[in-house]
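Peer 1: Before anything else, here's the structure in question.
Values quoted throughout were computed directly from the atomic coordinates according to the rules given, and no laboratory measurement underlies them. Everything numeric here is computed off the predicted structure, so don't read it as measured data. Using ideal geometry, Cβ is built from the backbone for each residue, glycine included, and neighbour counts are taken over all protein chains shown.
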Amino acid sequence: MRADADRRVGSVERSRPRVAIAHDYLTQRGGAEKVVLSMARAFPDAVIYTTLFDPENTYPEFSDMDIRVSPLNKVGFLRRSHRAALPLLPAAASSMHIDADLVLVSSSGWAHGFRTSGTKLVYCYSPARWLYQAEAYLGESAGWKKRFALSVLTPFLRRWDRRAAASCEEYLAISNAVQGRITAAYDRPSMVLPAPATITVEPEPEVVEEVADWAPDGYHLCISRLLAYKNVDKVIEAFRDTDRRLVVVGRGPEAERLRALKPDNVAMVSDLSDRQMAWLYRHCSAVVAASYEDYGLTPIEGAAYGKPAALLRWGGFLDTAVEHVTAEYFDEPEPEAIRAAVTRVEQRHWDSEKIADHVTRFSDDHFAAQLHEIVDRLAPDPKDIW
């Protein structure tokens, strides 16, 4: 039996490295979590490691996967509010040990610190915003207690973060903007690999009852985590005192403040199914985003339904949208600039087929093929595995 195994060492089956996937925390439904699902499809045998896992609030597909968690996961409050766990996450990440030949790390802050005797390949959405872009991360509304706590923790967290980065073999950046950020934070090169847009145009969408009456006349759509740097408040202000309607989709610490300031022509919804999201995309006039985005996923999702976008001319949006073909840009995240861009979107004639064709550049298959190529290059030699 052993001789047979030795003879098979050179085969593709036996030489394939054991790959694991690591992610910061699986507690929400966002673009990063969609990328983890794409990684899991590319490496279906991979175990997924994460600090916190809340099945009810992330994508349901994860419930059928092998998820390994840190001891922090026993604390229900932290599963539901991962930001409260920030002082504890370095220790939680360092306590995770992954038995694999190569760990494919999906991270914007913690998973690159998981320990392994294998090789770590990091797919980076951004070096930790709370360490390197603290003002944008906190926003103007953050109180002095949050600012003080972060200022006290920052020196320790930066030391931990840079040690974690040094333990990784190679970095992949989700966009050109993030590539520059990786260089600034860690003084190391990275290759840009755009994230996949795994979009299925749902044939049978489910009505979102809260805004069902708006569908005949149309509305604009803003999909975002409700964080300060996403500038959702500026988008809302751009629609104030107009006859346009806006639907905001998302959860986050800014939710209560945004609900208090929104006018009647703005609706806020959250925790929608894929079929409900499909209904919103199908009936919207355009997508609007004013966030400092590392990767512009929502305009790609809108484009799958042939819908144009009004976008901030910054960061990841420059990698995923084409001016006058799929989007109009505005230069500052201010209500007046956003309003003017929305007007230009309304005035331009858009080719919905050309917009939808743009999405093919961001296929799941292309992403998987690129990852396999890089993993095969970095993986240990078969003689070292067996």
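Peer 1: Hydropathy first: keep DSSP H helices in the chain averaging at least -1.0 on Kyte-Doolittle, then drop any whose Cα extent along the axis falls short of 20 Å, and list what survives.
Peer 2: Working: long enough: 144-166 (33 Å, -0.45); 364-378 (21 Å, -0.38).
Helices passing the filter in the chain: 144-166, 364-378.
Peer 1: Moving on to the next point. Test of understanding: express the Cα radius of gyration of segment 192-284 as a ratio to 2.2 N^0.38 Å, with N the residue count.
Peer 2: On the way: Rg = 13.9 Å, N = 93, 2.2 N^0.38 = 12.3 Å.
It is 1.13.
Peer 1: Rounded if a/c is under 1.5, else prolate if a/b beats b/c, else oblate: with a ≥ b ≥ c from the C-alpha gyration tensor eigenvalues square-rooted, which is segment 276-323? Intermediate values should be presented prior to the final figure.
Peer 2: Numbers: a/c = 2.11, a/b = 1.96, b/c = 1.08.
Taking the square roots of the gyration eigenvalues as a ≥ b ≥ c, segment 276-323 is prolate.
Peer 1: Hey, rough spin-label estimate for Ser117 and Ala84, points 7 angstrom out along Cα→Cβ, what's it come to in nanometres?
Peer 2: 3.8 nm
Peer 1: In nm, what is the difference between 0.36 nm times the number of residues separating Arg348 and Ser151 and their Cα-Cα distance?
Peer 2: On the way: separation 197, 0.36 × 197 = 70.92 nm, distance 4.67 nm.
Value of the extension gain: 66.2 nm.
Peer 1: Taking only C-alpha pairs under 8 Å that are 6+ residues apart, what is the relative contact order of segment 178-262 in percent? Mind dumping the intermediate values first?
Peer 2: Details: 60 pairs, mean separation 21.2, N = 85.
Here the relative contact order equals 25 percent.
Peer 1: Note down, for segment 77-119, the three equivalent ellipsoid semi-axes (square root of 5 times each alpha carbon gyration tensor eigenvalue), biggest first, whole angstrom. Let's see the in-between values first.
Peer 2: Numbers: eigenvalues 99, 20, 13 Å².
Ellipsoid half-lengths, sorted descending, are 22, 10, 8 Å.
Peer 1: Also, I was wondering about something else. Kindly identify segment 227-339 as rounded, prolate or oblate by the Cα gyration tensor criterion: order the square roots of the eigenvalues as a ≥ b ≥ c, call it rounded if a/c is under 1.5, otherwise compare a/b with b/c, prolate if a/b is larger, else oblate. Walk me through the numbers on the way to the answer.
Peer 2: On the way: a/c = 1.42, a/b = 1.16, b/c = 1.22.
Rounded.
Peer 1: Then there's this: For the chain, modelled as a GNM with alpha-carbon contacts under 10 angstrom, which of Val359, Val75, Val325 fluctuates the most?
Peer 2: Of Val359, Val75, Val325, the most mobile in the Gaussian network model is Val75.
Peer 1: Suppose a student asked you for the relative contact order of the chain, using Cα pairs under 8 Å spaced at least 6 residues apart; what percent would you report?
Peer 2: Worked out over the chain, it gives 14 percent.
Peer 1: Another question, then. If the elastic network links every pair of Cα atoms under 10 Å, which of Thr58, Thr50, Thr154 fluctuates the most in the Gaussian network model of the chain?
Peer 2: Greatest mean-square fluctuation among the candidates belongs to Thr154.
Peer 1: Still on this model: Give me D for the chain in µm² s⁻¹, whole number, from Stokes-Einstein with Rh from the Kirkwood sum over alpha-carbon pairs, 37 °C and 0.692 mPa s.
Peer 2: On the way: Rh = 22.0 Å.
This corresponds to a translational diffusion coefficient of 149 µm²/s.
Peer 1: Sticking with this one: Output the pairs from Lys34/Lys74; Lys234/Lys307; Lys34/Lys230; Lys34/Lys262 with a Cα-Cα distance over 27 Å in this structure; if there are none, say none.
Peer 2: Details: Lys34/Lys74 24 Å; Lys234/Lys307 21 Å; Lys34/Lys230 19 Å; Lys34/Lys262 29 Å.
Correct reply: Lys34/Lys262.
Peer 1: If each DSSP helix of 4+ residues adds -39,500 (n - 2.57) and the sum is divided by the residues in the chain, what number results at 222 nm, nearest 500 deg cm²/dmol?
Peer 2: Working: 18 runs with 152 residues, N = 386.
Helices in the chain give a 222 nm mean residue ellipticity of -11000 deg cm²/dmol.
Peer 1: While we're here: Compute the Cα gyration tensor for segment 295-367, then decide on rounded, prolate or oblate, letting a ≥ b ≥ c be the square roots of its eigenvalues: rounded whenever a/c is under 1.5, prolate when a/b is larger than b/c in the other cases, and oblate in all that remain. Display every interim value, and only then the final one.
Peer 2: On the way: a/c = 2.81, a/b = 1.46, b/c = 1.93.
Note, shape of segment 295-367 comes out oblate.
Peer 1: Taking Cα pairs under 8 Å and at least six residues apart, what relative contact order does segment 155-314 come out at, in percent? All intermediate terms of the calculation are to be shown ahead of the outcome.
Peer 2: Working: 232 pairs, mean separation 38.3, N = 160.
Relative contact order comes out at 24 percent.
Peer 1: Starting from the Cα of Thr360, step 7 Å along the direction of its Cβ; do the same at Glu334; then give the gap between the two resulting points in nm.
Peer 2: 4.1 nm
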